[in-house]
Amino acid sequence: MTLPTARLARALAAPEAGWTTRVDAVVVGSGIAGLTAALELRTRVPRVLLVTKGALSSGSTVWAQGGIAAALDPQDTPEAHLQDTLAAGGGLSDRDAVKVLVTEGPERVRELVARGAVFDAGPGGDIALTREGGHRADRIAHAGGDATGAEISRALVAQIEAVRDDPGIEVVEHALVLDILTSAPAGGGVRRVAGVTLHVRGEGSRDGVGAVLAPVVILATGGIGQVFRSSTNPAGATGDGIAAALRAGAVVGDLEFVQFHPTVLWLGTGAKGQLPLISEAVRGEGALLLDVDGHRFMPGVHEMAELAPRDVVAHAIVRQMGATGADNVLLDVRHLGRTFLSGRFPTITRRLAELGIDWSEEPVPVAPAQHYHSGGVVTDLTGRSSVPGLYAVGEVACTGVHGANRLASNSLLEGLVFAQRAARDVAERYAAGNLSDAPEPAARPGGTGLVAAVARSRVQKAMSDGSGVIRTASSLARTDERLAAVRSDAHVAAEVVAEPQAAEWETTNVHQVARALTRAAWLRTESRGGHFRADHPKPDPDWERRVLVSLDDDGGLRVR
């Protein structure tokens, strides 16, 4: 079986830029990676622009419950952390990238504390450390019990707010980056970054669509959760960074490795959008998984039982649901007691109570939902992509750390470590005189596109049905066909279906990421990590390699 040729637009349909400004670097996103990059660059290059889709504090980091992993305990070592990360990565992690993560991670966490982040402390006053799935040591630092991301976000946002009046940094909130501007091809046909176009919504400091010219763009746009019907990601996680990078000519990789969190609150078959997450840390504290008949099934699946890597747990849950004919399984924490649960997990306890669930008295219905994306814009160890001047950090990047599956609580650490590395690389290039003014932007071949916002639910259903937790060649081919049938030229002179605006631009990004991800998943004929093919249920040693996706000059989707 082969799939027909697929083409994607090389730019979003949008009005001409009504204003232009120049800076030395643009940082897109206000999670841990974006905020860290902006703070690191602020004193090292003359002018930085930080752009975020919502308010400054609305990045995905704020939703992180479990914690941040680092070998902070004297009895733990970076080498042990490295081995656990490699084990979770299913043979595809880049060892050098993982070594950077685990070696530099402890110092980056200490710097985070110096920036004002307050982690929960143990009896001796040191940072309290717990354990999560896939870790063989206590190395998870947490804050507020289950509000680690919110605390980290608070501390970093406070640092940005403290320098808002500094002429070296500008923050533009409520702004959606549309496209990455690139130069005309130079030697070898290489196009360099020339800046971004962005749309500022009513609450921003600029109006309409504008162009920010810059020789460097750092993408820190987060994940792709809204590509699927149900996810733990916020509404803004529409894959904007991956789609924009693809259109700009960047290589993306590992798109097929989607982590479906095994324990997301099940709210019925009609639930969609962002769903409440029941943190991995709950199982780390002793929660048990039961099927709807009350049978504990994980000990027979993996030696670490409920603490097995997330992909193992998610697949086991789906199989158990199939065996019982149920739409969910049960997470049982009743033996931990009300006092412990409300103290260790106050946020989850309150959220469940709002929904009428007292988890100290009854098991919680859970099922897998999209949670994290291990793939993204392929980068080196300093965050550089294949397009000169374009960097990617955090979840939007594919550093090679996660491989086929992310180890619990490595995501915040990756954003922290590699954001600093990217910012320092930019600063060193600037200091060495290797960064000049932005080149003149030039139009790219391949045309523009726009998908109507009303088509998003159609895209999400196709992805959840055929490119979700369990995939086959036929399900992926069917998904590809359904996605190809979605109109992507919704704004043409002859027949305008939708006008260029925020919801349409985001839906176009969702559609483009969906097409690329489905093609990558179809090509990988094995099961590994976050990619499970029921027709190829075992890992294949011949597939210990990365699937790369890019667009040719005419927008042809190349998967190799």
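The values are calculated or read from the model by the stated rules, or taken from the named source; none is laboratory data. Since we're looking at a predicted model, the values are computed, not measured. Cβ coordinates were reconstructed from backbone atoms using ideal geometry, including for glycine residues, and neighbour counts include every protein chain displayed.
Looking at Arg482, Arg478, Arg471, which is the one that is crowded, with 20+ Cβ neighbours inside 10 Å and either without any contact (Cβ under 8 Å) to a residue 12 or more places away in the chain or charged (D, E, K, R) (or both)?
Arg471
Please work out if Ala367 is hydrophobic (A, V, I, L, M, F, W, C), closer than 30 Å to Ile242 by Cβ and outside any loop (DSSP other than H, G, I, E, B).
Yes, satisfied.
What pairs can you find where one residue is in the range 76-87 and of a type in the set (Val, Ile, Thr) and in a helix (DSSP H, G or I), the other is buried (at least 17 other Cβ atoms within 10 Å of the Cβ) and at pLDDT 95 or above, and their Cβ atoms are less than 6 Å apart, with a gap of 6+ or different chains?
Thr85/Val98
Give, as residue ranges, the strands (runs of 3 or more DSSP E) completely inside the range 203-266 that count at least 2 residues that are more than 20 Å from the chain's Cα centre (by Cα) and farther than 23 Å from Glu40 by Cβ.
In the range 203-266, the matching strands (runs of 3 or more DSSP E) lie at 208-213.
Hey, can you tell me all the residues within the range 217-236 that are more than 19 Å from Val469 (Cα to Cα) and either at pLDDT below 95 or of a type outside the set (Ser, Thr, Tyr) (or both)? Steps first, answer last, please.
To start, the set of residues in the range 217-236 that are more than 19 Å from Val469 (Cα to Cα) comprises 217-222, 234-236.
Passing the criteria: Val217, Ile218, Leu219, Ala220, Gly222, Pro234, Ala235, Gly236.
How many of the residues in the range 265-288 are within 25 Å of Ala397 (Cβ to Cβ) and buried (at least 24 other Cβ atoms within 10 Å of the Cβ)?
The number of residues fulfilling the criteria is 4.
Scanning for something over 30 Å from Ser279 (Cα atoms) and at pLDDT below 95, does the range 131-142 turn up at least one residue?
Looking for residues that are over 30 Å from Ser279 (Cα atoms) and at pLDDT below 95, one finds none in the range 131-142, hence no.
Only one residue in Ala423, Ala427, Ala408 is buried (at least 20 other Cβ atoms within 10 Å of the Cβ), small (Gly, Ala, Ser), in the same structural domain as Thr61 (by TED's automatic domain parsing) and at pLDDT 95 or above. Which one?
Working: Ala427 fails: buried (at least 20 other Cβ atoms within 10 Å of the Cβ); Ala408 fails: at pLDDT 95 or above.
Within the list Ala423, Ala427, Ala408, the selection yields Ala423.
Only helices (runs of 4 or more DSSP H) wholly contained in the range 399-515 count here; list those with 1 or more residues that are closer than 30 Å to Met1 by Cβ.
Counting at least 1 such residues, we get 456-466, 473-484.
Quick one: which of Gly356, Gly286 is outside any helix (DSSP H, G or I) and in contact with a His (Cβ under 8 Å, 6 or more places away or on another chain)?
Residue meeting the stated conditions: Gly286.
Give me the pairs, please: first residue somewhere in the range 270-295 and farther than 29 Å from Arg456 by Cβ, second residue anywhere and assigned to a loop (DSSP other than H, G, I, E, B), beta-carbon distance under 6 Å, and either six or more positions apart or on two chains.
Pairs found: Ala281/Gly66; Ala281/Glu132; Gly284/Arg131; Gly284/Glu132; Ala287/Val333; Asp291/Phe297; Val292/Ala326.
For the range 149-203, name all the residues that are polar (S, T, N, Q) and surrounded by fewer than 21 Cβ atoms within 10 Å (Cβ to Cβ).
Residues satisfying the conditions are Gln159, Ser183.
Considering only the range 313-353, how many residues are of a type in the set (Val, Ile, Thr), touching a residue at least 60 places away in the same chain (Cβ under 8 Å) and out of contact with any strand residue (DSSP E or B) (no Cβ under 6 Å at 6 or more places or on another chain)? Before the answer, list the steps.
First, the residues of the range 313-353 that are of a type in the set (Val, Ile, Thr): 313, 317-318, 324, 329, 333, 339, 347-349.
If we keep only those that are touching a residue at least 60 places away in the same chain (Cβ under 8 Å) as well, we get 313, 318, 347-348.
Now drop any that are not out of contact with any strand residue (DSSP E or B) (no Cβ under 6 Å at 6 or more places or on another chain), which leaves 318, 347-348.
Residues that pass the stated criteria total 3.
Does Glu256 qualify as being touching a residue at least 60 places away in the same chain (Cβ under 8 Å), surrounded by fewer than 24 Cβ atoms within 10 Å (Cβ to Cβ) and of a type in the set (Asp, Glu)?
no
Looking at Gly133, Gly90, Gly116, which one is part of a loop (DSSP other than H, G, I, E, B), in contact with a Gly (Cβ under 6 Å, 6 or more places away or on another chain) and small (Gly, Ala, Ser)?
Of the residues listed, the single one that is part of a loop (DSSP other than H, G, I, E, B), in contact with a Gly (Cβ under 6 Å, 6 or more places away or on another chain) and small (Gly, Ala, Ser) is Gly90.
State the number of residues belonging to the range 289-306 that are in a helix (DSSP H, G or I) and either surrounded by fewer than 21 Cβ atoms within 10 Å (Cβ to Cβ) or aromatic (Phe, Trp, Tyr) (or both). Can you show your working first?
First pass over the range 289-306, keeping only residues in a helix (DSSP H, G or I): 298-300, 305-306.
Pick out the ones that are also either surrounded by fewer than 21 Cβ atoms within 10 Å (Cβ to Cβ) or aromatic (Phe, Trp, Tyr) (or both) and you get 299-300, 305.
Total meeting the criteria: 3.
Tell me, yes or no, whether the range 207-216 has at least one residue that is in contact with a Ser or Thr (Cβ under 6 Å, 6 or more places away or on another chain), at pLDDT below 95 and not hydrophobic (A, V, I, L, M, F, W, C).
no
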